[in-house]
1. Tell me which residues, restricted to segment 151-165, are surrounded by 15 or more Cβ atoms within 10 Å (Cβ to Cβ) and in a strand (DSSP E or B).
2. Of the residues that make up segment 70-87, is at least one surrounded by fewer than 18 Cβ atoms within 10 Å (Cβ to Cβ), among the hydroxyl-bearing types (Ser, Thr, Tyr) and touching a helix residue (DSSP H, G or I) at 6+ places or on another chain (Cβ under 6 Å)?
3. Quick one: is Leu8 touching a Leu at 6+ places or on another chain (Cβ under 7 Å), over 24 Å from Asn116 (Cα atoms) and either part of a helix (DSSP H, G or I) or modelled with pLDDT of 90 or more (or both)?
4. Considering only segment 112-150, state which residues are part of a loop (DSSP other than H, G, I, E, B) and over 29 Å from Lys70 (Cα atoms).
5. Is segment 111-133 home to any residue that is closer than 27 Å to Lys21 by Cα, among the aromatic types (Phe, Trp, Tyr), touching a residue at least 24 places away in the same chain (Cβ under 8 Å) and in contact with a helix residue (DSSP H, G or I) (Cβ under 9 Å, 6 or more places away or on another chain)?
6. Got a sec? Which of Phe80, Phe28 is under 18 Å from Gly158 (Cβ atoms), more than 18 Å from the chain's Cα centre (by Cα) and of a type in the set (Phe, Trp, Tyr)?
7. Going by the structure shown, is Leu137 under 16 Å from the mean Cα position of the chain (by Cα), buried (at least 16 other Cβ atoms within 10 Å of the Cβ) and under 22 Å from Leu22 (Cα atoms)?
8. If you take the residues in segment 31-48 that are under 23 Å from Lys82 (Cα atoms) and among the hydrophobic types (A, V, I, L, M, F, W, C), which one is farthest from the chain's Cα centre (by Cα)?
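The values are calculated or read from the model by the stated rules, or taken from the named source; none is laboratory data. Because the structure is a prediction, the values reported are computed rather than measured. Note that we place each Cβ from the backbone using ideal geometry, even for glycine, and neighbour counts take in every protein chain shown.
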Amino acid sequence: MERTTQRLFFALEMDVSSKQKLVDCMAFLQSKETTKADLRWTPRDNLHITLRFLGELTSIEAEKYTSIVKQALSDTRSFFIKTAQLIALPSAQHPCLIALGVEKTPGLQTLFDRVNSALVSSGLPQEKYLFTPHITLVKGKHHPEAIAALLKQKVKCGVIEEKIECLTLFRTNCVNGASIYTPLLSIPF
């Protein structure tokens, strides 16, 4: 019997207004890009803040972990997020992408800690990386020089503040080499 899986992650969706500000920031960044490298700009509908990657899961595993997260967030309250500045990830010395950093507010850190703790205690492995909240704007894994050149432009995207009232489970599909993120369900709080 074949085991069908889906690539899943939990994330915070951005509202329409915030997405427009991010699209405007990306357009300005694109106007400053001079290397003509093959960079991948994040489509509007894919803009989000990843909270926790789950990996390849069967539908039964996805239901199990979603139920665990719902329970872990049963007394969670809404909170505000605020963007910071453009950053290179995984580091300025080895840039693969440009993202808009998000401040690690107590509400955001608590949400991450609750979700991560519940998932790890239920059998999912610990994340490889430290939680660095961000919104990916452009990827250029094979073009670190182009990413570094864009960051040197000192582009300011403006501050985005948004109230967060739910966590969303997303599925990743790869279509013609591009990732498409589809929201599957939301956990309100």
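1. The answer is Glu162, Ile164.
2. no
3. No; evaluated as a whole, the condition is false for this residue.
4. Gly140, Lys141, His142, His143
5. Yes, the conditions are met somewhere in segment 111-133.
6. Phe28
7. It is true that Leu137 is under 16 Å from the mean Cα position of the chain (by Cα), buried (at least 16 other Cβ atoms within 10 Å of the Cβ) and under 22 Å from Leu22 (Cα atoms).
8. Trp41
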